[in-house]
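S.K.: Here you go, one structure.
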Ligand code: ACO
Ligand code: ZN
């Protein structure tokens with residue numbers, strides 16, 4: 001979809017549906033923009049140190065999508081976890097898709113797909129055996145995105161989010177064997 005030009009190490013300019021977006025690694029300076037996108041688009045907010053620790057430990061797979069005005073319009077972040085495999089109970093390294101979001105007005109242009117396409121090989125380099133992610137059962141758009149990329153539903157679990165009140169939300173656990 002669209003055209004792509006390498007603009008530096010781990011930086012790519014993508015022309016998607018007539019607009020240009022740079023996909024590049026997150027920096028300390030761009031964390032604020034990432035947090036803004038997260039707070040606007042997702043109910044689960046994380047403290048600053050959480051983003052910072054992912055940036056410190058897994059910078060190659062922490063990517064941002066930046067528009068022509070240098071505004072961060074999307075991000076993806078991953079980390080490696082040691083958890084049981086999808087296929088047996090052996091403890092293995094998994095690449096956990098911690099969070100991905102694209103600002104509402106920039107959606108359906110292929111930005112999330114591009115962020116995943118570029119970040120998945122990077123977290124794979126960390127010697128993971130599987131990819132894993134959780135998504136709310138009601139998040140049809142994200143579910144379609146993951147299915148389209150080849151992710152398969154592994155299980156369903158109830159998850160608790162604490163906000164002003166507590167509510168229970170079921171999540172699909174998706175896996176993808178590299
Ligand atoms: N409805 C149906 N299908 C969708 C939708 C949707 N709302 N969004 C994406 N898809 C599917 C389509 O097949 C789409 O291809 P198409 O546009 O050619 O039909 C394909 O996924 C690729 O979509 P992208 O354009 O690459 O995705 P986008 O940049 O719009 O971002 C995202 C998708 C990240 C889910 C965005 O809607 C978003 O930020 N939502 C709010 C945050 C969120 O829910 N994040 C995921 C939470 S789970 C987690 O982080 C582990
Ligand atoms: Zn998760």
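Here, each number is a calculation from the coordinates, and none is a lab measurement. As the structure is a prediction and not an experimental result, all values here were calculated from the model. Ideal geometry is used to build each Cβ from the backbone, glycine not excepted, and the neighbour counts take in all protein chains shown.
S.K.: Does anyone have the angle between helix 48-57 and the longest principal axis of the chain? Alpha-carbon axes, 0 to 90°, nearest 10?
M.R.: Roughly 80 degrees, rounded to the nearest 10.
S.K.: OK, next. Nearest 10 degrees is fine. How inclined is helix 31-41 to the longest principal axis of the chain, computing both from alpha carbons?
M.R.: That helix lies at roughly 60 degrees to the long axis.
S.K.: Here's another thing I want to ask about it. Of the listed peptides 40-52, 94-106, 77-89, what is their order by residue-averaged count of other C-beta atoms within 10 Å, with the highest listed first?
M.R.: Those peptides, ordered most packed to least, come out 94-106, 77-89, 40-52.
S.K.: Relative to the longest principal axis of the chain, what angle (0 to 90°, nearest 10) does the C-alpha long axis of helix 111-124 take?
M.R.: Long axis of 111-124 versus the principal axis of the chain: about 60 degrees.
S.K.: Please report the relative contact order for region 39-178, taking Cα pairs under 8 Å with a sequence separation of at least 6, and give it as a percent rounded to a whole number.
M.R.: The value is 20 percent.
S.K.: Taking the alpha carbon gyration tensor of region 3-177, what are the square roots of 5 times its eigenvalues, largest first, to the nearest whole Å?
M.R.: 25, 19, 16
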